[in-house]
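This report refers to the structure that appears directly beneath it.
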């Protein structure tokens, strides 16, 4: 898709959606929607962080993490409880990983199967589409820690 067609498609999404989605269906590309979503998310985050008190935000996030870790200790389905693993001396990253329950894993399996059924793609592609964004988020979080 040339640059002028891409811009026309972006404008047509709002001006004449039927034409835009027909054009996208005829010449599919993932780059434009991906970039639009990334830029929109970045803009929303930038606007939010420009207005919020960072001290308050940090305090709220730490309070939420301690709540999640406390809930993990009583979650009977967490991997740590199922495996009878003591997390008293574990790092927060290990604690978070061990708080994953089979329900979370089943949710990912259902997402993969749902994407596979809707897109009629292979299992490998469906798995990649679901798990790569999660892996990217984890990688970004790990670089920030």
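The values are calculated or read from the model by the stated rules, or taken from the named source; none is laboratory data. Just so it is clear, the structure is predicted and the values come from calculations on it, not from any experiment. Positions of Cβ are backbone-derived with ideal geometry, glycine not excepted, and every protein chain shown enters the neighbour counts.
Quick notes
- Within segment 54-145, helices (runs of 4 or more DSSP H) holding 3 or more residues that are out of contact with any strand residue (DSSP E or B) (no Cβ under 7 Å at 6 or more places or on another chain), modelled with pLDDT of 70 or more and within 30 Å of residue 30 (Cβ to Cβ): 102-119, 123-144
- If you go through segment 1-33 and keep only what is under 23 Å from the mean Cα position of the chain (by Cα) and either modelled with pLDDT of 85 or more or surrounded by 11 or more Cβ atoms within 10 Å (Cβ to Cβ) (or both), you end up with 29, 32, 33.
- Tabulated pairs, segment 127-145, first at negative phi, second assigned to a helix (DSSP H, G or I), C-beta under 7 angstrom, 6+ apart or interchain: 127/112; 129/115; 130/108; 130/111; 130/112; 130/115; 145/93
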